[in-house]
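Here the structure is laid out as structure tokens; the discussion comes afterwards.
The values are calculated or read from the model by the stated rules, or taken from the named source; none is laboratory data. If you're wondering where the values come from, they're calculated on a predicted model, not measured in any experiment. Cβ sites come from the backbone with ideal geometry, for glycine too, and all protein chains shown count toward neighbours.
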Amino acid sequence: MLAYVLLGATYAGAAAAQPGQFQAYLIAMTMAHGWRRTMPVALAPVVSDIPVIVLVLVVLTNVPPGFVHGLRLVGGLFLIYLAVATLRSEPSAGTPASGPGPAGRTVLKAALVNLLNPNPYLAWSLILGPILVGAWRQAPSHGAAFLVAFYLMMVASTALIVILFGAARASGPRLARGLHLGSGVALAAFGLFQLWSGGRALFLAAA
């Protein structure tokens, strides 16, 4: 069981540390709202991965290429929308944003960012899914240990990112604006890449 705990924690730590569209959205929300209001976003991967795991392990034996390509297009459009919203907003360095807490909407948007990202589908169908199935066949407790370790490390790593960038936000308005702008540009770049890669793959498949 210890081997599966270490395996789950290692994969989760590597996934959380890897730059990606979820991390860019996480930074954008921290810059806009502060680390306290953004902290619930750490739970977003748990929420979004439930349907992914069910879809990949129960409904699909392999993720169809057309599904992944279409997901890239939809996800790209959603990221462009988030990038525009981020770039149009203005961070308030060191102080909480005014107005009602955005926790519920922020978690939902973060879950959608993950849900419309093809990487979790590919990871669960090619890497994590086979590990989980193998662990579960050895003993259900092994499979449960793998899942618990994976998501505990994922939530902890995501929370650490929020705290670190929350501290950077409090360092001054210039740094906060720079990080805010950078996160918006990163979201736009990921969105354009998703649109390009999905559109190109569909074009090649139809040719």
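At-a-glance table
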item: Qualifying positions in region 34-71 - at pLDDT below 80 and either buried (at least 18 other Cβ atoms within 10 Å of the Cβ) or among the aromatic types (Phe, Trp, Tyr) (or both); result: 56, 63, 67, 69, 71
item: Residue selected from region 106-149 under the condition polar (S, T, N, Q) and within 16 Å of residue 72 (Cβ to Cβ), by the criterion surrounded by the most Cβ atoms within 10 Å (Cβ to Cβ); result: 117
item: Region 164-173: number of residues that are exposed (fewer than 15 other Cβ atoms within 10 Å of the Cβ) and in contact (Cβ under 8 Å) with a residue 60 or more places away in the chain; result: 5
item: Subset of region 12-54 (residues that are aromatic (Phe, Trp, Tyr) and either under 14 Å from the mean Cα position of the chain (by Cα) or on the phi > 0 side of the Ramachandran plot (or both)); result: 22, 25
item: Selection from region 9-28 of residues that are among the hydrophobic types (A, V, I, L, M, F, W, C), touching a residue at least 40 places away in the same chain (Cβ under 8 Å) and over 12 Å from residue 159 (Cα atoms); result: 9, 12, 15, 22, 24, 28
item: Matching option when the condition is at pLDDT below 80, farther than 29 Å from residue 166 by Cα and not hydrophobic (A, V, I, L, M, F, W, C), among 98, 125, 141; result: 125
item: Of residues in region 116-139 being free of Cβ contacts under 8 Å to residues at least 60 places away in the same chain and out of contact with any Gly (no Cβ under 9 Å at 6 or more places or on another chain), the one farthest from residue 194 (Cα to Cα); result: 138
